[in-house]
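None of the figures in this text is laboratory data; all of them are computed from the coordinates on show. Every value quoted in this text rests on a predicted model; they were computed, and no experiment measured them. For neighbour counting, all protein chains shown are included, and Cβ atoms are generated from backbone atoms with ideal geometry for every residue, glycine included.
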Amino acid sequence: MLLVDAMNRYPLWKYLLIIVVLVVGAIYALPNLYGDDPALQISPNRNVEVDEVLRDRVVTALEQQRLEYIGYEFVPGSLLVRLPDSDTQLRAYDVIRQTLGDDYITALNLAPATPDWLRQFNALPMYLGLDLRGGVHFLMEIDMDAAITQAVERYVGGVRSELRDERIRYLTIEAVDDQVAVRFRDADEREKARSALRREYRELELSEREENGQYFLLASLNDETKQEIRRFAVRQNITTLRKRVNELGVAEPVIQQQGDERIVVQLPGVQDTARAKDVIGATATLEYRMVDEQHSVQDALAGRVPMGSRIYRERSGEPVLLLNRVIVTGDQVIDASAGIDQQSGGPMVSVTLDSQGARLMSDNTRENIGNRMAVVFIETLTETRMVDGEPVRETRRTEEVISVAVIRGHFGKRFQTTGLDSMEEATNLALLLRAGALAAPMEIVEERTIGPSLGAENVQAGLASVIIGFMLVLVFMAMWYRGFGLVANFVLAINLVIIVAVLSMLQATLTLPGIAGIVLTVGMAVDANALIFERIREELRAGNTPQASINEGYSKAFSTIADANVTTLIAAIILFIFGTGPIKGFAITLAIGIATSMFTAIMVSRAIINAIVGGRRVAKLSI
């Protein structure tokens, strides 16, 4: 009997591990009990500071309007102002937007009301998804065929310019079925053109065709280049959409790729679908202009703007005087990529223009070596406003200088922009340049609006489902397994706490499918305990002692529990890999629940039972 007791003792390190997990789980699950405060999140839209001066402006504006606020705090890159209720939040939103203007983005937000002592552990609550909070959901599909067609059409000009430079005679050049078709009078000219294009355009696949005594050279993009165009179209549109969404003042937008050619846009808290469509559908382009070196910016600011020039603003707010004549536009930019300048070792952006843009740029730079050239980013937004109860569409155009660089030498088709502060700035400039060049059309193929009241109902329904399922399981386990059932119930509660803690630590977004995963986990967690308890019953019926039955029950049931949970875990992984959006949320919650349920069912319940009956003589078990 002493040998059996020794076998059923639980090692001290396992007790310590369980205590550590429970303490950490409790700390990171607690923030979800404190709720949220309505808040305004104020972020810089241009190169302006988020400092005490901004805080004083905001506080003064609120106090002048007699709007109460709970407090304020600086978060990374933003100022967060907490307000007592949603009505005050909406009134303060209008006041702050009017006070700060376009230099700052004011977003409606919900700030966790977590105590400071929990924040010191970086303990924050889970986010609520669109279906629980309310908002707008768009599924947008990119016209990849149009993206390829636009790329081919840009090559038409490039091929024409190359053949003219090489003095190769041709009859016609046109884009036909995603190919550049060049028609020649004889085979010799076609062969010359083939050699020239192979040297200049390695990404083009060349083929020949003869028809009615005429000779055709067909140039088509290779598969790798087409795939890169498709990938870039998605990346560019995601980047552009993120910038558009800032105009809506959404604090936690979700903009992500779905499949190869679709983008999901979720805007929590936004209820005005028309406004969201207007902003998302905004267009952007670029213009290259020369800086007016002959006149003073200060004189222009004083009202003496010279003829043929105009004042622009850089993103930092600094004024710059540019000539009205446009050298090239973003539509003539074929490609732009960030890299490292081989001479200076600093960041740079390499830009490639089409044939027309190359010719215009070449003529301009030949005459302006040593002068400065600017890149102007132009954005057009369409807004719908209610005037006298009627919707009125207004167009707003913003223009800002995103780069000013000195022309160091004569260039045309390909050139570099240097003098940038960081690699991040170079990457952003390349994205903006390419965004101006390629605008793959998008169509909204799915649209949903979820009201805040429906979101609140979803939260209540989800909580009710968890509570009802949890209570039914508690009653069944207590009636069927008695004392051991009460232990299983306590372990089940610990399991829920650990699941919430893990989701909070990951800063996961909780959705309705996620709640469904939690409900399923409740059933699976108690199922493991049921397998163990039934195995203990079998050992008792076979005549084993209580201590031996406990030891054998846990040991022999482990393989069955592991098989069942590993099978479900594989299904969760497959759902995560091939699923999208809500399906992934369900898979993540299910996978976390499987891991926590195995830990609690096998380790925690064994520790509690051993702490109660382990290591001593027991005549009968309450099972």
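Here are a few things to note about the model shown:
- Based on the reciprocal of the average 1/r between different C-alpha atoms, the Kirkwood radius for segment 83-157 equals 17.6 Å.
- Ellipticity estimate at 222 nm from DSSP helix runs (n ≥ 4, -39,500 (n - 2.57)) divided over the chain, nearest 500: -16500 deg cm²/dmol
- Here segment 145-223 yields Rg over Rh of 0.94, to two decimals, using C-alpha coordinates and the Kirkwood radius.
- Stokes-Einstein D for segment 36-112, Kirkwood Rh over Cα pairs, 25 °C, 0.890 mPa s (µm²/s): 203
- Helix 512-541 vs. the chain, principal-axis angle (Cα, 0 to 90°, nearest 10): 30
- Additional length obtainable on full extension of the chain from SER337 to GLN214, 0.36 nm per residue less Cα span: 40.3 nm
- Restricting the calculation to Cα atoms, segment 460-593 shows an Rg/Rh of 1.03 when the hydrodynamic-style radius is the Kirkwood one.
- Annotation: aspartates and glutamates with alpha-carbon distance below 16 angstrom to LYS584 (same-chain offsets under eight excluded): ASP131.
- Residue-wise HN-Hα coupling along segment 320-334, computed from phi with Karplus coefficients 6.51, -1.76, 1.60 (Hz; x: Gly, Pro): 9, 9, 10, 6, 6, 5, 8, 7, 9, 10, x, 5, 9, 8, 7
- Look at where the Cα atoms of segment 284-319 and of segment 156-231 average out, and the two centres are 42 Å apart.
- In this structure, TRP13 and ILE577 have a Cβ-Cβ separation that, at R0 = 45 Å, corresponds to a calculated FRET efficiency of about 0.80.
- Net charge over other residues, Cβ less than 14 angstrom from the Cβ of ARG185 (K, R count +1; D, E count -1): -2
- Across segment 359-376, computed HN-Hα scalar couplings (Karplus, 6.51 cos²θ - 1.76 cosθ + 1.60, θ = phi - 60°) run 5, 5, 5, 4, 4, 6, 5, 4, 9, 10, 5, x, 8, 9, 10, 10, 10, 9 Hz from first to last residue, x flagging Gly and Pro.
- Residues whose placed amide H lies under 5 Å from that of GLU205, excluding near-sequence neighbours: SER220, LEU221, ASN222
- Listed residue pairs exceeding 24 Å between alpha carbons, taken from LYS226/LYS413; LYS556/LYS620; LYS192/LYS413: none
- Cut-off under 5 Å, modelled amide H: who pairs with TYR72 long-range: ARG82
- Translational D in µm²/s for segment 135-188 (Stokes-Einstein at 37 °C, 0.692 mPa s, Kirkwood Rh from C-alpha pairs): 246
- On full extension, the segment bounded by GLU447 and SER207 gains 82.0 nm, given 0.36 nm per residue less the C-alpha separation.
- Using the Cα coordinates of segment 499-542, the gyration tensor eigenvalues translate into equivalent-ellipsoid semi-axes of 34, 11, 4 Å, sorted from longest to shortest.
- If the convex hull is drawn through the Cα atoms of the chain, its volume per residue in Å³: 240
- Residue-wise HN-Hα coupling along segment 81-88, computed from phi with Karplus coefficients 6.51, -1.76, 1.60 (Hz; x: Gly, Pro): 10, 8, 10, x, 8, 5, 5, 5
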